[in-house]
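See structure below.
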Amino acid sequence: MKSDIRVCSEWESNHERPVYTLSPTCPECGAESVNSAPAPFDPNDAYGEYRRALYRRVR
């Protein structure tokens, strides 16, 4: 599922804080906006087993 909420791609250099929008461009600076959602979980992650084992060991 794709998120409708987008964030300015240039917010770190042009703004004090992230600028969120629903439009394809930033309303404040006109830069392109990008999807603000994190990358989806991939069940075929080649290193997921090792990452989970390390997490269990550290806890």
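Treating the beta-carbon of each Lys and Arg as +1 and of each Asp and Glu as -1, no other charges, what is the dipole magnitude of the chain about its Cα centre, to the nearest 20 debye? Before the final figure, lay out the partial values.
Numbers: 8 positive and 9 negative charges, 120 e Å.
The calculated dipole for the chain is roughly 580 debye.
Give me the net charge for the shell around residue 27: Cβ to Cβ below 13 angstrom, other residues only, Lys and Arg +1, Asp and Glu -1. Kindly include the intermediate steps, with their values, before the conclusion.
Values: positive: 6; negative: 10, 28, 32.
Summing Lys/Arg as +1 and Asp/Glu as -1 gives -2.
Which entry in (i) 13.6, 50; (ii) 16.8, 47; (iii) 10.4, 32 is this structure's computed Rg and Dmax of the Cα atoms in Å?
Here the calculated entry is (ii).
Count neighbours as other Cβ atoms within 10 Å of each site's Cβ, and list the chymotrypsin sites (Phe, Trp or Tyr not before Pro) in the chain that are DSSP loop with at most 13 such neighbours.
Working: sites: 11, 20, 41, 47, 50, 55; in loops: 41, 47.
Those that pass, being in a loop and sparsely packed, are 41, 47.
Using the Karplus curve 6.51 cos²θ - 1.76 cosθ + 1.60 with θ = phi - 60°, work out ³J(HN,Hα) for each residue of region 41-49 in order, rounded to whole Hz, and write x for Gly and Pro.
After applying 6.51 cos²θ - 1.76 cosθ + 1.60, I find 5, 10, x, 8, 4, 5, 10, x, 4 Hz.
Counting each DSSP H run of 4 or more residues in the chain as -39500 (n - 2.57), what helix-only mean residue ellipticity at 222 nm follows after dividing by all residues, to the nearest 500 deg cm²/dmol? Mind dumping the intermediate values first?
Numbers: 2 runs with 15 residues, N = 59.
So the calculated ellipticity at 222 nm is -6500 deg cm²/dmol.
Read-outs: derived from the displayed coordinates by stated rules, not from any lab. This one's a predicted model, so the numbers in the text were calculated from it and none came from an experiment. Cβ sites come from the backbone with ideal geometry, for glycine too, and all protein chains shown count toward neighbours.
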